[in-house]
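The structure appears below as structure tokens.
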Amino acid sequence: MSRQPHHHEHRPVPTEGQLRWQQDGFGVFFHFGVNTFAGKEWSDGTLPASSFDPSDLDVRQWVRVAASIGAGYVILTAKHHDGFCLWPTTTTDYSVASSPWRDGHGDIVAELAAACREAGLGLGLYLSPWDRHAPEYADEARYAEVYARQLTELCTNYGELVELWFDGAGSEGYTYDWPGITAIIERLQPQAMVFNMGAPTIRWVGNENGLAEDPVRYVVDHTDFSNYTVVTSRFEEALYLPPECDVSIRRGWFWHPDDEPKSMEHLLAIFYRSVGLGANLLLNLPPDTRGLLPDADVERVTAWAAERDRRFARPIPGTLTADGSTVTVTFAEPVTIDHLRLHEDLTAGQLIDHHEVRTPDGRTLIEAGSVGVSRVHAFEPVTTDRLTIALVPDVVDGAGLSDEAPVPTLLAVTAFRTGSSTVPELPVGYEAPTDAPD
């Protein structure tokens, strides 16, 4: 299956795989490795492999939690920047094979792949391009061979992967063999989404706070490289690249004993500003030195998901009637509502640049930008039997829209009475840590 999007009026459209990934909407990240046992966010490749020794590792617990809070996929740091591999690779002895865990016979990637298959969750893997342990890294050509072998092992031995995660941190000024890397993915995991580098099919939202901004644009001509540089990768033409918002439940990405999970309000605030804006959310839940997700984190995400699900548990479906780019939503009887969820038809690409929701007396209830795969609005309660939604199309290349141009349409509009009419506020001044690696 071709990874290149088709075009309509110079407008990139999503592949089936991209749409499927967007409809999943929410994934869970697992940052785990030697850093977990050293209390570090970044290590330089010198922490001993013998330090990796989880006492009670149970990846099924990780997957149970991820599934219970509605994740469609999980992503594991198979290799972080320190070069320590969570599978017994043939490329280096800096791996679980040199650790006391399972007497050197363990394979976390294999255990997680099996747990995901049992639970029906997609598996994604993070393979850091930057490697602070590999002696070959100093020679780009030699390291390209090592990296290709690592990627080939991961793409061959663990079943279908839904996402391959490439992080630009530490790689400024280094040239990777992206054509070779892309060829391996094309050959072995052609359905996997590729995050942000090489030949990406999805992109980083541009911050580690988990936040998108309205409008969320799926078609872009560049991606941001990392938190530590203003470098961007520019493309020869605009591509359909929906964003993923990565954020940790804690301040750090790896587990630290003195770190605390974010409040439920903070997590709800992130949800509305990621999934609620039509971007994917990737929430990091770091396992501790036991190899388990900490009790406090599990309690927090469970409470968060329960409140999120409570808000959207009783949908009030509307019947849609379209007249050009105006959609009327009719309810079976007058209903009192305080939330709307809109879904754009993306088969012809992202077409809606702006939209307004009006009550029958002409009052503007909502004025906002993009809709995308799923757009959530909260507002003061209103009682009505119908709403009108004006969709303002995105104009391609400043050339205006021809008569054949696709008309923006909505697949569905659902109303809710949640008892909440405002989007939770973010904590004042919160920023994910962006200390560059030492």
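A few points about this structure:
- Boolean, Arg60 is more than 19 Å from Pro287 (Cβ to Cβ), open to solvent by 30 Å² or more (accessible area, probe 1.4 Å) and in contact (Cβ under 8 Å) with a residue 40 or more places away in the chain: no
- Hits in the stretch 197-214 (condition: out of contact with any Lys or Arg (no Cβ under 9 Å at 6 or more places or on another chain), in a loop (DSSP other than H, G, I, E, B) and more than 22 Å from Pro427 (Cα to Cα)): Met197, Gly198, Pro200
- Elements of type helices (runs of 4 or more DSSP H) in the stretch 1-120, at least 1 residues being at pLDDT 95 or above and under 18 Å from the mean Cα position of the chain (by Cα): 16-24, 59-68, 108-119
- Residue-level check: of (1) closer than 26 Å to Ala405 by Cα; (2) in a strand (DSSP E or B); (3) of a type in the set (A, V, I, L, M), Ala348 misses just (2).
- Subset tally (residues that are under 19 Å from Pro257 (Cα atoms) and open to solvent by 50 Å² or more (accessible area, probe 1.4 Å)) for the stretch 11-40: 2
- Some residue of the stretch 9-29 being of a type in the set (D, E, K, R), at positive phi and touching a helix residue (DSSP H, G or I) at 6+ places or on another chain (Cβ under 7 Å): yes
- Members of the stretch 173-198 found to be under 17 Å from Glu208 (Cβ atoms) and modelled with pLDDT under 90, listed by number: Asn196, Met197
- Candidates Trp21, Trp42 - the one that is under 30 Å from Ala348 (Cβ atoms) and aromatic (Phe, Trp, Tyr): Trp21
- Test set (1) within 21 Å of the chain's Cα centre (by Cα); (2) part of a strand (DSSP E or B) - Ala306 fails condition number: (2)
- Of the criteria (1) touching a helix residue (DSSP H, G or I) at 6+ places or on another chain (Cβ under 6 Å); (2) of a type outside the set (Asp, Glu); (3) open to solvent by 10 Å² or more (accessible area, probe 1.4 Å); (4) closer than 25 Å to Glu136 by Cα, which one Thr90 fails: (1)
- Residue list for the stretch 296-337, restricted to those being surrounded by 15 or more Cβ atoms within 10 Å (Cβ to Cβ), aromatic (Phe, Trp, Tyr) and under 30 Å from Pro393 (Cβ atoms): Phe331
- When the stretch 259-283 is filtered for residues that are touching an Asp or Glu at 6+ places or on another chain (Cβ under 7 Å) and not in a loop (DSSP other than H, G, I, E, B), the ones remaining, listed by number, are Met264, Leu268, Ala269, Leu277, Asn280, Leu282.
- Test for Arg102: is it more than 26 Å from Glu136 (Cα to Cα) and free of Cβ contacts under 8 Å to residues at least 12 places away in the same chain: yes
- Single residue of the stretch 125-145 satisfying the filter (hydrophobic (A, V, I, L, M, F, W, C) and open to solvent by less than 10 Å² (accessible area, probe 1.4 Å)) that is farthest from Trp42 (Cα to Cα): Leu125
One line per residue, one yes/no per condition, for (1) in a loop (DSSP other than H, G, I, E, B); (2) hydroxyl-bearing (Ser, Thr, Tyr); (3) modelled with pLDDT under 95:
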{"position": "Leu365", "(1), (2), (3)": "no, no, no"}
{"position": "Ala378", "(1), (2), (3)": "no, no, no"}
{"position": "Thr383", "(1), (2), (3)": "no, yes, no"}
{"position": "Arg386", "(1), (2), (3)": "no, no, no"}
{"position": "Ala390", "(1), (2), (3)": "no, no, no"}
{"position": "Asp403", "(1), (2), (3)": "yes, no, yes"}
{"position": "Thr414", "(1), (2), (3)": "no, yes, no"}
{"position": "Gly429", "(1), (2), (3)": "yes, no, yes"}
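- Selection from the stretch 231-259 of residues that are open to solvent by 40 Å² or more (accessible area, probe 1.4 Å) and either modelled with pLDDT of 95 or more or closer than 19 Å to Phe32 by Cβ (or both): Arg251, Trp255, Pro257, Asp258
- Residue pairs whose Cβ atoms lie under 8 Å apart, separated by 6 or more positions or on different chains, with the first residue in the stretch 396-424 and closer than 21 Å to Gly372 by Cα and the second at pLDDT 95 or above and open to solvent by 80 Å² or more (accessible area, probe 1.4 Å), are Phe416/Arg314.
- Sub-8 Å Cβ pairs linking a first residue in the stretch 372-385 that is under 30 Å from Glu244 (Cα atoms) and small (Gly, Ala, Ser) to a second residue that is open to solvent by 10 Å² or more (accessible area, probe 1.4 Å) and part of a strand (DSSP E or B), at least 6 apart or interchain, are Ser374/Arg341; Ser374/His343, ordered by first then second residue.
A quick yes/no check of all residues on (1) open to solvent by 30 Å² or more (accessible area, probe 1.4 Å); (2) among the β-branched types (Val, Ile, Thr):
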| residue | (1), (2) |
| --- | --- |
| Gly122 | no, no |
| Tyr147 | no, no |
| Thr156 | yes, yes |
| Glu160 | yes, no |
| Glu172 | yes, no |
| Tyr176 | no, no |
| Gly180 | no, no |
| Arg187 | yes, no |
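- Residue check for Leu365: farther than 20 Å from Val216 by Cβ, open to solvent by less than 40 Å² (accessible area, probe 1.4 Å) and without any contact (Cβ under 8 Å) to a residue 24 or more places away in the chain: yes
- Only one of Leu293, Leu281, Leu277 that is under 27 Å from Val413 (Cβ atoms) and open to solvent by less than 10 Å² (accessible area, probe 1.4 Å): Leu281
- Residue list for the stretch 122-152, restricted to those being assigned to a loop (DSSP other than H, G, I, E, B) and touching a Gly at 6+ places or on another chain (Cβ under 7 Å): Trp130, Asp131, Arg132, His133, Ala134
The values are calculated or read from the model by the stated rules, or taken from the named source; none is laboratory data. Given the structure is predicted, the values throughout are model-derived calculations rather than measurements. No Cβ is skipped: glycine too gets one built from the backbone with ideal geometry, and neighbour counts run over all protein chains shown. Quick note on the areas: whole protein, heavy atoms, side chains included, nothing else; ligands and nucleic acids left out. Shrake-Rupley method; radii C 1.70, N 1.55, O 1.52, S 1.80 Å.
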